[in-house]
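A.B. asks: Let me begin by handing over the structure; questions about it come next.
The values are calculated or read from the model by the stated rules, or taken from the named source; none is laboratory data. What you see is a predicted model, and the numbers here were worked out from it, not measured in a lab. Note: ideal-geometry Cβ built from the backbone for every residue, glycine included; neighbour counts use all protein chains shown.
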Amino acid sequence: MYEKERQELVDKISKNGITDVYVLKAISEVERHKFVPEALLPHAYKDVALPIGYGQTISQPYTVAFMTQSLKVQPDSKILEIGTGSGYQAALLYRMGAKVYSIERQFEIYDRTRKLLDELEIRVNTKCGDGTIGWEEFAPFDGILVTAGSPNVPPSLQKQLAVGGKLVIPVGDKVSQKLRIVTKVDVDKFETVDIPEFVFVPLIGKEGWKQQ
Ligand code: SAM
């Protein structure tokens with residue numbers, strides 16, 4: 001179902017600069033329409049963010065692809081995602097062969113997505129909680145992907161990154177953010193690249209925005 005629409009989406013984001021063949025392959029295989037509310041099915045393969053309820057969104061496919069490409073995922077990489085949301089990003093990482101850990105703050109979203117992932121047999125480790133403090137128990141991670149905008153880079157996430165790993169996080173105010181790609185080059189040494197102009201819902205937590 002929707003194969004043609006999915007291929008058109010892949011062509012579009014590839015024209016817009018996504019070159020990682022593993023990311024493009026995962027997008028051509030993961031059925032985004034299973035992760036959007038039924039009423040929005042006709043829009044599932046448009047390159048736009050869509051509401052998923054509770055004031056949250058499934059991110060724009062181009063943005064998801066860009067962030068995933070920036071992580072440089074290898075099969076068997078251990079990846080921590082902050083902001084499970086619909087589960088689409090986690091499903092892509094899983095399809096790429098990563099070992100995925102994902103944290104969602106809102107219980108209703110966590111619960112609904114946990115059931116969906118089980119139904120689709122997407123084996124991702126999830127928990128409901130504040131992702132700004134990471135998931136110490138399973139650290140270090142080869143990659144950490146934050147799918148909500150933060151005022152800063154949470155120190156706990158930097159700490160839980162493996163040497164050589166990448167942390168991809170939107171940083172800015174609540175209106176717009178830069179995508180910050182942080183590479184841990186040594187235990188206490190980080191290199192940072194900022195890509196301008198992204199918009200995300202806020203990352204709320206101890207090391208993010210305070211509760212509204
Ligand atoms: N990755 C998601 C997907 O594929 O659908 C997109 C998620 S949406 C843009 C961002 C999510 O981050 C929301 O579901 C929101 O509840 C969650 N969030 C915000 N602050 C959080 C925190 N501190 N810890 C975990 N999740 C958080």
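A.B. asks: Quick one: in segment 64-106, of everything that is touching a residue at least 60 places away in the same chain (Cβ under 8 Å) and among the basic types (Lys, Arg), which residue is nearest to Val30 (Cα to Cα)?
C.D. replies: Only one residue fits best here, namely Arg95.
A.B. asks: Scan Val100, Val73, Val23, Val64 and give me the residue that is over 15 Å from Phe200 (Cβ atoms), within 16 Å of the ligand (Cβ to nearest atom) and part of a helix (DSSP H, G or I). Can you show your working first?
C.D. replies: Details: Val100 fails: part of a helix (DSSP H, G or I); Val73 fails: part of a helix (DSSP H, G or I); Val64 fails: over 15 Å from Phe200 (Cβ atoms).
None of the other options fit; the residue is Val23.
A.B. asks: Additional query: So, in segment 103-139, exactly how many residues are outside any strand (DSSP E or B), among the hydroxyl-bearing types (Ser, Thr, Tyr) and closer than 21 Å to Ile52 by Cα? Walk me through how you get there before you give the answer.
C.D. replies: To start, the set of residues in segment 103-139 that are outside any strand (DSSP E or B) comprises 105-124, 129-139.
Okay, now just the ones that are also among the hydroxyl-bearing types (Ser, Thr, Tyr), so 110, 113, 132.
Filter once more, so that each one left must be closer than 21 Å to Ile52 by Cα: 110, 113.
Count: 2.
A.B. asks: Can you tell me which residue among Lys178, Lys174 is within 15 Å of the ligand (Cβ to nearest atom) and surrounded by fewer than 20 Cβ atoms within 10 Å (Cβ to Cβ)?
C.D. replies: Numbers: Lys178 fails: within 15 Å of the ligand (Cβ to nearest atom).
On inspection, the qualifying residue turns out to be Lys174.
A.B. asks: Do you know which of the residues in segment 50-61 that are touching a strand residue (DSSP E or B) at 6+ places or on another chain (Cβ under 7 Å) and touching a residue at least 40 places away in the same chain (Cβ under 8 Å) is nearest to the ligand (Cβ to nearest atom)? It would help to see each step written out before you state the result.
C.D. replies: In the first step, residues of segment 50-61 are kept if they are touching a strand residue (DSSP E or B) at 6+ places or on another chain (Cβ under 7 Å); the result is 50-52, 57-58.
Then keep just the ones that are touching a residue at least 40 places away in the same chain (Cβ under 8 Å); that gives 52, 57.
Numbers: Ile52: 6, Thr57: 5 Å.
The qualifying residue nearest to the ligand (Cβ to nearest atom) is Thr57.
A.B. asks: Next up: What pairs come up if the first residue lies in segment 32-47 and is of a type in the set (Val, Ile, Thr), the second is crowded, with 17+ Cβ neighbours inside 10 Å and not in a helix (DSSP H, G or I), and their beta carbons are under 8 Å apart, counting only those six or more places apart or on different chains?
C.D. replies: From segment 32-47, the pairs are Val36/Ala44; Val36/Leu50; Val36/Ile52; Val36/Ile58; Val36/Ser86.
A.B. asks: What is the one condition in (1) at negative phi; (2) of a type outside the set (Phe, Trp, Tyr); (3) modelled with pLDDT of 95 or more; (4) within 14 Å of the ligand (Cβ to nearest atom) that Lys184 does not satisfy?
C.D. replies: The one condition Lys184 does not meet is (4).
A.B. asks: Which one is farthest from Ala98 (Cα to Cα) among residues in segment 34-49 that are within 13 Å of the ligand (Cβ to nearest atom) and part of a helix (DSSP H, G or I)?
C.D. replies: If we take residues in segment 34-49 being within 13 Å of the ligand (Cβ to nearest atom) and part of a helix (DSSP H, G or I), then Leu40 is farthest from Ala98 (Cα to Cα).
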